[in-house]
Amino acid sequence: MLIMKNLKYFLLMAMVMTMSLTMSADDDDRVITYDQLPQAAQTFLKTNFATKVPLVVTADWDDYTIRYESGEKIEFDRSGNWKDIECYSSKVPAAAVPAQISTYISQNYPGKSIIKLERHRSVYEVKLNNGMEVEFNRNFQVIDMDYDD
């Protein structure tokens with residue numbers, strides 16, 4: 001009887017360990033220090049988020065992410081170029097927004113703030129605090145608009 005209990009316990013622990021290893025293999029993020037970010041990312045953060053307190057910095061095989069206590073999240077590529085800036089509780093710093101996008105938003109949506117800015121190879125995606133989403137091509141021409149209800 002004691003052997004059966006031990007065997008059941010052993011099998012249960014083996015299953016739990018296998019499940020936890022499988023789940024951690026899916027999540028390749030590892031916590032790193034701020035100083036381990038590429039220099040370009042550190043410069044960008046010092047310029048645009050110097051007053052914010054970092055909560056966690058992570059890295060995986062293709063990017064870096066930093067989250068702040070105040071809710072902001074910034075993702076960088078392996079070279080340290082920003083890919084995604086999310087500032088849902090504040091707004092994306094003006095210095096981080098390309099001038100052409102700032103001009104368009106201020107002219108067409110006065111008083112609205114950019115709360116998310118995402119950059120892909122040839123597209124910039126912008127989300128405003130009123131739910132409007134505007135997409136720009138690499139020449140900063142509007143190519144799509146949508147309202148997120």
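The values are calculated or read from the model by the stated rules, or taken from the named source; none is laboratory data. Every value quoted in this text rests on a predicted model; they were computed, and no experiment measured them. We place every Cβ from the backbone using ideal geometry, glycine too, and count neighbours over all the protein chains shown. Side chains are part of the model used for accessible areas, which takes the heavy atoms of the whole protein and leaves out ligands, DNA and RNA. Shrake-Rupley method; radii C 1.70, N 1.55, O 1.52, S 1.80 Å.
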When every residue in region 76-89 that is surrounded by 15 or more Cβ atoms within 10 Å (Cβ to Cβ) and assigned to a loop (DSSP other than H, G, I, E, B) is compared, the one farthest from the chain's Cα centre (by Cα) is G80
Within region 139-149, residues being at pLDDT 95 or above, assigned to a loop (DSSP other than H, G, I, E, B) and either in contact with a Gly (Cβ under 8 Å, 6 or more places away or on another chain) or not hydrophobic (A, V, I, L, M, F, W, C) (or both) number 2
Of the residues in region 90-136, those that are outside any strand (DSSP E or B) and acidic (D, E) come to none
For region 31-68 the number of residues that are open to solvent by less than 60 Å² (accessible area, probe 1.4 Å) and touching a residue at least 40 places away in the same chain (Cβ under 8 Å) is 7
Among the residues in region 50-64, are any in a helix (DSSP H, G or I), more than 17 Å from C87 (Cα to Cα), modelled with pLDDT of 95 or more and of a type outside the set (A, V, I, L, M, F, W, C)?
no
Going by the conditions given, is Y124 of a type in the set (S, T, Y), more than 18 Å from the chain's Cα centre (by Cα) and surrounded by 13 or more Cβ atoms within 10 Å (Cβ to Cβ)? no
Among S106, S102, S113, the single one that is in contact with a Leu (Cβ under 7 Å, 6 or more places away or on another chain), of a type in the set (S, T, N, Q), modelled with pLDDT of 95 or more and surrounded by 12 or more Cβ atoms within 10 Å (Cβ to Cβ) is S113
